[in-house]
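The block underneath contains the structure these notes are about, expressed in structure tokens.
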Amino acid sequence: IPVPVPWTHLAETASSGSVTLTLMKAVTWKPGDEIVVASTGHRHSQNENEVRTIAAVSANGKTLTLTKPLMYTHLGLSVTLPDGTVFEGRAEVGLLTRNIVVRGSQNLEWSDEIEACPDGFNTGEFATQTCFQGRFGEEIGSDQFGGCIMFHAPRPGENLAMGRLEYVEIFHAGQAFRLGRYPIHWHLMGNINYKSYVRGCAIHQTFNRAVTIHNTHQLLVEHNVIYDIMGGAFFIEDGIETENILQYNLAVFVKQSTSLLNDDVTPAAYWVTNPNNIIRHNAAAGGTHFGFWYRMHDNPDGPSYNPNICQKRVPLGEFFNNTVHSQGWFGLWIFQEFFPMKDGGCTSGTPKPAVFQSLTTWNCEKGAEWVNVGAVQFNRFIMVNNEKAGIEAKRIFRWAVSGFGEDRGATVSNSTIVGHMDELGLGSNYCTRRGVITPFDDGMSVLNTQFVNFDRSNCTAIGVTSIDGTCTDRCGGWAVRFSGIQYRNSPNKAGFRWEHEVQLVDTDGSLTGNINHKVVPMSSLLDPAHCFPGAEWSVGFPGAVCDHTVSFHRLAFNNPSPTSLNAKDVILTNSYGSSVVPYLKKRLTHKFGWMALLPSGQTYNWYFNNADQITNITYDAKFYGFKSDQYVIIKHNFTQSPDSFHIIDGRNGSSTALSFSANNNGDWFFNKTIKDLFYL
């Protein structure tokens, strides 16, 4: 008996007005069956998901004739990239009809026809919505009180209750405003050893998720089609759930809900709260927010609370070969924290890379983003036509990685980032704003990755992050390492915003053409004999490439006294020029303070603007990123001779001028004649 095909892709583009669909796979669907065709439009195209009825099926099962024309164009195309990679931009087509139906009761007194909101739905985080109903086009009203199926054994882990749902249609299901009332709900079942499953089902028009897995392990969820789902759809609930397999599922139009949890205001098609689950070969399209959201708390939530389980440190089970497109926000979001460790215990301290494999994201706001992580790695990602970023990294916590690289660091590797692919129909001016956005910490490596079509004025291959509420303006100063980089039709290599933002380190010569050269924003502190401006690095704030003789250190400081020094600019001057460093309230480190990126091996005169007459000063400062042969010397000029100095401890001053060869970290020297203090 042939296995039914619950969903497939378009083999050819179906234009607006067409009544014919050509499919990639042969299907056994029948006239009268209902299907959903996923949107392939921009990230606000949720109304372009279309439900249609089949009028006829061709003899070979690959051509469908519809009873009603399509309103929108749905893509079915492939594009060969310069390296030979074939990108598939195809709408998914899913079957919604089954011959076994579980449906909730529809109260007709609620079934008003609701007109489409003229302004549609804007997924922007701070956007003002002009309508509540009709946001995604015309709809029929509902009391949002549907049917539910729950599996709940009297004792967990003994398979006292088993459920095998196969090729069942579940319609008008789930109950809004009520936790625990879901279309399909696996409730406190313990380990069920893959003896229960949800296979080949169609779940549509639901008011509270699709499949919820609650304190249940080793459940198989595969080959399902879900459509028009309120709130997080495939929902792993408390964070204690492990080794569940979600594979070959299609999620279309998972939409915002304001009747459930806060997280459902920005829902994910696949919501994962413990990384030790298997998520592979799935697709998400045409939803309001996320495709996949890994959201780990410190400990499991609710009745599953266990202080001895810390899922933020649990190694990744599997994430492989998933696809997301036409979603309002991101293909993949890791928020808020994930620090994968060997053995995954609450006190485990040895990083174990969590390698997310083979994600394709197109026509979304961002392809993928991690927020606060340790050894998280994105490998073999294909990011195309995503509005703000292909991949964005917010932070890397140094205690949770072991340096740079694939061993136990945070990486983007073997990936392809495409700025624009005009075949996808987003316009001749469209381009991903930044291909890879680097984080506010050391520890990231971008390896064996190609940037394609970053050639329009509004986009560059590389940029630097900003974090709302933490540090959005004049932040950074960290290092990112690059190797195996290829630029294809991408003259816009980097876009900076200010002088001390980042250093991009070329470890193999592929980024700049020379090994161990560094790309930095232009600064008067740079040695013009060793640092050279370049137009390809200057989309925005001017950039420069410094040769292998130049290294950099991040300097951050705050807590000055007297307090009148707060809010003053600091002027740093070396033998090549001066840099004005602004005081800012919001800094990643050293809030209410200052930050600068300093070339190594030089002496810097440091003074607070319009306060150089003050002699009795203190401040808290940290200098980052020294190797054994690197140093800086700081100089303060005073109008009086201080009585004492305390640099890092109470040691006595050097009797002679400082030198790297003769002095140690923290040594200081005061020239009484000209009242200059130097410290190393």
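The values are calculated or read from the model by the stated rules, or taken from the named source; none is laboratory data. Owing to the predicted nature of the structure, the values given are computational and were not obtained by experimental measurement. As a convention, Cβ positions derive from the backbone with ideal geometry for all residues, glycine included, and neighbour counts pool all protein chains shown. Only protein heavy atoms, including side chains, enter the accessible area calculation; ligands, DNA and RNA are left aside. Shrake-Rupley method; radii C 1.70, N 1.55, O 1.52, S 1.80 Å.
The trypsin sites (Lys or Arg not before Pro) found in region 190-221 that occupy coil by DSSP, while having at most 14 further C-beta atoms within 10 Å, are Lys195.
Annotation for region 584-664: trypsin sites (Lys or Arg not before Pro) lying in DSSP loop with at most 12 further Cβ atoms inside 10 Å of their Cβ are Lys585, Lys627.
Mind jotting down the distance between the C-alpha centroids of region 317-385 and region 207-273, whole Å? Result: 17 Å between the Cα centres. Taking the inverse of the mean reciprocal distance over all distinct Cα pairs, the Kirkwood hydrodynamic radius of region 210-282 comes to 12.2 Å. So how far, in whole Å, is the C-alpha centre of region 416-442 from the one of region 119-133? Between the Cα centres of region 416-442 and region 119-133 lies a distance of 24 Å. Which pairs break 21 Å Cα to Cα here: Lys394/Lys591; Lys635/Lys675; Lys312/Lys342; Lys585/Lys675? Beyond 21 Å between Cα atoms: Lys585/Lys675. Which of the listed residues, Leu179, Val225, Gly190, is farthest toward the dipole's positive end in region 123-226, when Lys, Arg count +1 and Asp, Glu count -1 at the beta-carbon? So the residue we want is Gly190. Farthest towards the positive end of the charge dipole of region 567-680, among the residues Ala621, His636, Phe660, is the Cα of Ala621, using unit charges on the Cβ of Lys, Arg, Asp and Glu. Once you reduce region 16-43 and region 479-552 to the center of their Cα atoms, the two points are 48 Å from each other. Surface analysis of region 105-224 yields an accessible area of 48 Å² per residue, using protein heavy atoms and a 1.4 Å probe. Here the chain exposes an accessible surface that is 48 percent carbon and sulfur, computed with a 1.4 Å probe and the other protein chains kept in place.
When the trypsin sites (Lys or Arg not before Pro) in region 1-90 are filtered for DSSP coil states and for at most 16 other beta-carbon atoms within 10 Å of their beta-carbon, the remaining sites are Lys25, Lys62. Exposed loop sites, defined as chymotrypsin sites (Phe, Trp or Tyr not before Pro) outside DSSP H, G, I, E and B with at most 10 other Cβ atoms within 10 Å, are absent from the longest region of the chain, namely 133-680.
Candidate cross-link partners of Lys627 among the aspartates and glutamates, defined by an alpha-carbon separation under 16 Å and a same-chain spacing of 8 or more, comprise Asp442. For a straight C-alpha distance cut-off of 27 angstrom, the lysines reachable from Lys68 (same-chain residues fewer than eight places away being disregarded) are Lys25, Lys30, Lys255. Each of Ala56, Gly120, Phe136 was placed along the dipole of region 11-165 (beta-carbon charges, centred on the mean Cα), and the one lying farthest toward the positive end is Ala56. The Cα atoms of the chain define a convex hull whose projected area, averaged across directions, is 33.3 nm². Solvent exposure of region 328-482 amounts to 29 Å² per residue of accessible area, where only protein heavy atoms count and the probe is 1.4 Å. Rounded to the nearest 5, the antiparallel percentage of DSSP beta bridges internal to the chain is 35%.
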